[in-house]
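In what follows, a structure is listed as structure tokens, so that the remarks can point back to it.
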Amino acid sequence: MTARRHATADDVARRAGVSQSAVSRAFTPGASIADATRARVEDAARSLGYRPNAIARSLTTRRSRIIGVAAAYLQNHFYPDVIEALSRALQARGYHILLFTAQADRHADPVLEEVLAYRVDGLILASTTLSSALAEGCRAAGVPVLLFNRTSRAAGVASVTGENLRGGRLIAEFLHRAGHRRLGFLAGIENSSTSRDRERGFRGWLAEHGLPEPIRDVGLYSFDAAAAAARRLLAGPDRPDAIFCANDHMATAVAEVARHEFSLRIPRDLSLIGFDDTGPARWPSFSLTSFSQPVAPMVEAAVAAITTLIENPDAPVRQTVIPGELVVRGSARVPPEGCVSRGETLVWRPLEDAA
């Protein structure tokens, strides 16, 4: 059996009685074309079963309308939510995403040649576990890069992050004002900018107020590694009475270990705070107090930044920080003052900010 020949743009142009360039404009988002001409082209395309060839068009326009999203560590609920929101927002602008995944290991980047082979118009690095080498390779090849939920020490790299430093400071103050004196910190990956900045804010506030350094361990942003770290922290002679985890994913592991292996009551025996305010933080079984990273405004800023860099390579590169809130739930003791209702959400602010 002979395969059916696919209709071409030439076939549509002949059927509609227009030029081939008019067919191209009819299927290009934002292109200038009269409504009547577009309608004739679309009618002809439907009758012929024509579908535009995005790959062929990219060879002509030098634009694929595809943005690569490199991600790892999808066990953390924050990143699947981000990827879904990125896909919707980019589609609204006429772009599509191509997802590149890697193992949850900081040395396991997607292969640079594989990313570049797909002629992506831009790349969003949407994971703290990926190294900067991939971003540097893409930039060297002329592909705009945006770091999402992370920063780079290299100059001139666009990024969108939450308030990592301020969030760490607020959590330190919250726990101290709630009466805790033996604080613990569970770090993520040591060279991750998010974990580093959250810890810097946390330790910085304590140091500025003459308070002891927190007891520290490393959870590698992994459930299993965080559970092992929780066992070490909770079995020690100076067991903390409150632990700040560098993200919610690790906090859920600490909660499981504290309850089921050490018979600790949360928050009576141990206060627990996470970061990100992901879906599990809102589950009644965890009811996790957490500093929020609002996905919608972060994604909006990221899409605006990457599309601007694609469409105007000379545009200034910006590092955007999206504000968050310390959302109060049932996993931590609450200071006597500073809680403010935001609709159905309870947030905590220092006394000077509460008004």
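The values are calculated or read from the model by the stated rules, or taken from the named source; none is laboratory data. Just so it is clear, the model here is predicted, and its values are computed rather than measured. A quick note on method: Cβ atoms are made from the backbone with ideal geometry, for glycine too, and the neighbour counts reach across all protein chains shown. Side chains are part of the model used for accessible areas, which takes the heavy atoms of the whole protein and leaves out ligands, DNA and RNA. Shrake-Rupley method; radii C 1.70, N 1.55, O 1.52, S 1.80 Å.
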Subject >> Probe 1.4 Å, accessible area per residue of the chain, Å² >> reply: 48 Å²
**OP:** Could you state the angle between the C-alpha long axis of helix 223-235 and the longest principal axis of the C-alpha atoms of the chain, as a value from 0 to 90 degrees rounded to the nearest 10?
**Re:** 10 degrees
Original post:
Out of every Cα-Cα pair in region 153-222, what percent are more than 17 Å apart?
Top reply: 45 percent
Original post:
Taking amide hydrogens as modeled 1.01 Å from N in the peptide plane, which residues meet the under 5 Å criterion relative to residue 272, leaving out close sequence neighbours?
Top reply: 243, 332, 333
Subject >> region 270-315 - convex hull of the alpha-carbon atoms, volume per residue in Å³ >> reply: 73 Å³
Subject >> Net +/- balance of residues flanking residue 345 in space, Cβ distance below 14 Å, scoring K and R +1, D and E -1 >> reply: +1
Original post:
Taking a quarter of the surface of the Cα convex hull of region 115-175, what do you get in nm²?
Top reply: 4.8 nm²
Original post:
Around residue 238, what is the net charge, scoring Lys/Arg as +1 and Asp/Glu as -1 over all other residues with Cβ under 13 Å from its Cβ?
Top reply: +2
Original post:
Among residues other than residue 76 whose Cβ falls under 11 Å from its Cβ, what is the net charge (Lys/Arg +1, Asp/Glu -1)?
Top reply: -3
**OP:** Sum -39500 (n - 2.57) across every DSSP H segment of at least 4 residues in the chain, then divide by the residue count to get the 222 nm mean residue ellipticity, nearest 500.
**Re:** -12500 deg cm²/dmol
Original post:
Semi-axes of the equivalent ellipsoid of region 171-266: what are they in whole Å, largest first, if each equals the square root of 5 times a C-alpha gyration tensor eigenvalue?
Top reply: 20, 17, 10
Original post:
Which is farthest toward the positive dipole end of the chain among 170, 297, 39, measuring Cα position about the Cα centre, with Cβ charges +1 (Lys, Arg) and -1 (Asp, Glu)?
Top reply: 39
Original post:
What does the accessible area of residue 238 come to, in Å² to the nearest 10, when a probe of 1.4 Å is used?
Top reply: 100 Å²
**OP:** Let me know the charge dipole size of region 237-355 about its Cα centre in debye, to the nearest 20, where only the beta-carbon of Lys, Arg (+1) and Asp, Glu (-1) is charged.
**Re:** 400 debye
**OP:** For region 113-119, just list the computed ³J(HN,Hα) in residue order, Karplus coefficients 6.51, -1.76 and 1.60, θ = phi - 60°, integers in Hz, with x standing in for Gly and Pro.
**Re:** 4, 5, 4, 5, 5, 8, 6
Subject >> the chain - charge dipole about Cα centre, Lys and Arg +1 at Cβ, Asp and Glu -1, debye rounded to 20 >> reply: 820 debye
**OP:** Take the solvent-accessible surface of the protein heavy atoms, probe 1.4 Å, and return the percent of it on the chain that carbon and sulfur atoms account for.
**Re:** 50 percent
Subject >> At 1.002 mPa s and 20 °C, Stokes diffusion of the chain via Kirkwood alpha-carbon radius, µm² per second >> reply: 95 µm²/s
